[in-house]
Amino acid sequence: MTKSSVGVKNLEIKRYRMLIDGKWTDAMGGGRFHTFNPATGEQWASVPEAMESDIDLAVHAAHKACWEGPWSEFTPTQRGRCLRKLAELLAENSEKLGETETRDTGKLYAETRWQAKYISEFLHFYAGAADKISGETLPIDKPDMFAYTEREPLGVVAAVVPWNSQLFLAAVKIGPALAAGNSIVLKTSEHAPAVLLEFGGLVSRAGIPDGVVNIVTGHGDPCGRVLTSHPLVSRVSFTGGASAARRVIANTTVNFASLSLELGGKSPFIVFPDADIESAVNGSATGIFSASGQSCVAGSRLLVHEDIADEFLDRISSVASEMAIGDPMDEGTQMGPLCTLGQIENIESQVALALRQGAKLICGGRKSSCGDLYYEPTILDCPSDDIAIAQTELFGPVLCVHRFKTESEAVSLANGTEYGLAAGIFTRDNARALRMSRRVRAGIVWVNTYRVISPIAEFGGVKASGYGRESGFQAVYDYTRSKTIWMNMSDAPISNPFMMR
């Protein structure tokens, strides 16, 4: 089992299979592992535990599909039609997919259902981009030569995603990869993999040939290791934690695959005294308590000007204290459980340490009575930014508060961690917003809003939050390589190669 078995109830288990070369298959070794519903403790599904041979089979299937199968003959427009059909199927099945994701992760059904439907827009975007990929003619300095470039697919893409936003992260990898003509092997998280296996059932219905999209389940070692180091893999797109990313970087030294990393964050949410307080409070609550804080862009550090700090804390603590915690399938629930016992244990440990280091508990700070994996919305007023909890990504509903006096101090606090994924800035002063946006070291900056996404906008981090970008049109080009073609236009014989002119 990949999650805690505390309080687990044994009901009828749904058996999933992996998608390899267009076929639903068990692991060759017959191994399986189980997943359970964090909200109820019910063990409800089992999935294949893939080993080295399974990953090798999936990669070879993807390689053949890319370079030898019918996919290699599809025009860009045909690839776009497939992605557009996949987008339509995703939207049509959003309720079922949302229900599966909620059952497996504990995320609110209201959110997973909406996300599944909206994520289809990312596939529509890349469907439209498929026939917009182009090279260029070169103004070459040799009069008898014509030179131009083409963009060609890289080949097999290895995509590794975490459990917390699997459909979204799969879409921003599958979309540009397939638009550019690649094939893909997608490794699900060992925590809550069911929704991507349900999604895999839509692939063939979209007209995508066998082997173009493969979905495997298993653990980081051996599955992730073998996949990201496989000699037939040309690109690795990884989303996850920094420690795993270091191993992935080492793995790609074996196959020289190009690599993009979208890692964790400890994102600052900065509020100036001229901000719309109500908007900022709502934005901060959304930034940290949505998805129970289980988001890489969670606004887990509140940097608030000392002139408004007390009022702000009063208001956001009221919001936190009144949040409805409970069954994620209930439309009235505002916060559900965490996904794994390990998260709860880590949060409890980090909060206890923060209190010993001088943090003041504003609200929360304990498990909820709703169940083993529920934790109350928690706010800590921190004495400094160098205590452990202010630097550690918790992946839970814990907000660390820091006060500042000046704009420069706010910048210093914002940049004072190893991370640099996202930031929020709340102020009515547009000049200040522009200054802060430039000075804060983050790949995404939201001004007077937070946690907004679009297929048109790139995202990614700096520092320990990774490198490379996903989403946006440029992502399609990141899944291609440039090829330069030279043509001699002269009818004259090539000159003697041993006589230089």
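What follows is calculated from the coordinates using simple rules that are stated; it is not laboratory data. Bear in mind the structure is a predicted one, so any value in this text is a computation, not a measurement. Reconstructed Cβ throughout: ideal geometry from the backbone, glycine too, with neighbour counts over all protein chains shown.
A simple packing score, the average count of other Cβ atoms within 10 Å per residue, orders the peptides 238-251, 398-411 as 398-411, 238-251, with the highest score first. Comparing Cα centroids, segment 8-87 and segment 379-453 end up 39 angstrom apart.
The angle separating the long axis of helix 94-105 from the principal Cα axis of greatest extent in the chain is about 60 degrees. Mind checking the full-extension length gain between W67 and N415? Use 0.36 nm per residue of separation minus the Cα-Cα distance, one decimal, nm. Here the segment from W67 to N415 would lengthen by 120.8 nm.
In units of the compact-protein estimate 2.2 N^0.38 Å, segment 359-475 shows a Cα radius of gyration of 1.21. Grouping the Cα pair distances of segment 142-194 into 10 Å bins from zero gives a pair-distance distribution of 22, 38, 19, 10, 8, 4, 0 percent in increasing distance order.
Which links in K463/K483; K360/K405; K132/K483; K266/K463 stretch past 22 Å when you go from one Cα to the other? Pairs exceeding the cut-off: K463/K483. What is the angle, in °, between the Cα long axis of helix 166-179 and the longest principal axis of the Cα atoms in the chain? Nearest 10 is fine, range 0 to 90. So the helix axis and the longest Cα principal axis differ by about 20 degrees. With R₀ fixed at 35 Å, the C-beta to C-beta distance from S408 to S349 puts the FRET efficiency at about 0.55. Applying 0.36 nm per residue to the separation of S384 and V254 and subtracting their alpha-carbon distance, the gain on full extension is 42.5 nm.
Placing R0 at 25 angstrom, the Cβ-Cβ distance between D274 and V452 gives a FRET efficiency of 0.70 after rounding to 0.05.
Placing pseudo-labels 7 Å out from each Cα toward the beta carbon at A431 and I140 gives an inter-label distance of 5.3 nm.
Principal-axis analysis of the Cα atoms of the chain puts helix 430-439 at an angle of about 70° to the longest axis. On a straight-distance basis, which lysines could pair with K96 in a cross-link, Cα separation under 27 angstrom, same-chain partners fewer than 8 positions away excluded? Filter leaves K3, K9, K14, K23, K85, K107, K117, K173, K187.
Charge tally around G299: other residues with Cβ under 11 Å, Lys/Arg +1 each, Asp/Glu -1 each, net +3. Within segment 307-393, the GluC sites (Glu not before Pro) that combine a DSSP coil assignment with at most 13 other C-beta atoms in a 10 angstrom radius are E322, E331.
From its DSSP helices (H runs of at least four residues, each -39,500 (n - 2.57)), the chain gives a residue-normalised ellipticity at 222 nm of -10500 deg cm²/dmol. For segment 76-109, the residues whose backbone nitrogen is under 20 Å from a point 7 Å from the Cα of E12, taken along Cα to Cβ, are 96-97, 99-104. Between segment 249-276 and segment 329-355, what is the separation of their alpha carbon centroids in Å? If you average the Cα positions of each part, the centres end up 23 Å apart. Dividing the Cα radius of gyration of segment 171-253 by 2.2 N^0.38 Å, with N the residue count, gives 1.11.
Legend: calculated FRET efficiency, E95 to H34, from the Cβ-Cβ distance at R0 = 30 Å, rounded to 0.05, equals 0.75.
What's the local net charge at A158, with K and R +1, D and E -1, over the other residues with C-beta under 10 Å away? That works out to +3. Taking a sphere under 11 Å around the Cβ of A39 and counting the other residues whose Cβ falls inside, with K and R at +1 and D and E at -1, yields a net charge of -3. In order along segment 215-221, phi translates into HN-Hα couplings of 10, 10, 10, x, 9, x, 10 Hz, rounded to whole numbers, per the Karplus curve 6.51 cos²θ - 1.76 cosθ + 1.60 with θ = phi - 60° and x for Gly and Pro. Taking all C-alpha pairs of the chain, those more than 37 Å from each other amount to 32 percent.
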